[in-house]
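The structure appears right after this line, and notes come after that.
No value in this document is a laboratory result; all are computed from the given coordinates. As the structure is a computational prediction, the values presented were derived from the model and not from experiment. With ideal geometry, Cβ positions are generated from the backbone for all residues, glycine too; neighbour counts draw on all protein chains shown.
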Amino acid sequence: MATALSDVYDTPESFDRIILPEGYRPCDQEEFMGSMQRAYFLGKLRAWKEAIVEESRATMAQLQVDTLREPDLADRASSETDWGIELRTRDRQRKLIAKIDAAIRRLYAGEYGYCEVTGEPIGLGRLEARPIATMTLESQERHERIEKVSRDD
C-alpha cells in the first residue's frame, strides 16, 4: 500500500525536512496547508527573513564605515538625513522580522494560512503576495474600514 506524503510528514516539525520539487508552487488542487504547502511557505518565510537580516548587516557595516566627516554643513545635513531614512527603514524591517517570526510560529502550530478572525483559509494567492497575512482579504478590508471609522472620530 502506498503511503501519502502527508502521512509520512504528519508532525509539525517534519515539513522542515521536505525537499520540494524544483519550481514547486502550491496549487488549489492540493490539500490546503498540507505538508508540501507548509514546507513551501516555511522556506519562503525563512528566505525573506534572511534577506532582510543580510541587508541590515550590510547597512550597519556601511554606517560604521561612513562616518560624518563632511566639512560642509549642507553635505553633513544631507548625510544625516540619508542615515535617518536608512535607520527608519531598518526599524520597519525589524518589525517585519517580528511578523515573519510570528508567521513561522503559526506555521508550526498548524494555524498558518487560516484567518485569525473567521478561521477560513486565507487563500494561496494572498499568501503568495503577503506570506505574513493573518486575515482573509475580506476580513482585512472590514478591519481597515472599522479602523478608518474609529480614526475619523
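Report the FRET efficiency, 1/(1 + (r/R0)^6), for Ser79 and Arg130, where r is their Cβ-Cβ distance and R0 is 35 Å, rounded to 0.05.
0.55
Could you pull out every one of the lysines with an alpha carbon less than 16 Å from that of Lys95, ignoring same-chain neighbours closer than 8 positions?
Lys49
Rounded to the nearest 0.05, what FRET efficiency do Arg151 and Trp48 have when you use their Cβ-Cβ distance and R0 = 41 Å?
0.85
Quick one: if you stick a label point 7 Å off each Cα along the C-beta vector at Glu55 and Phe32, how many nm between them?
Calculated label separation equals 3.1 nm.
If R0 is 30 Å, what FRET efficiency do you get for Asp72 and Ala98 from their C-beta distance, rounded to 0.05?
The value I calculate is 0.15.
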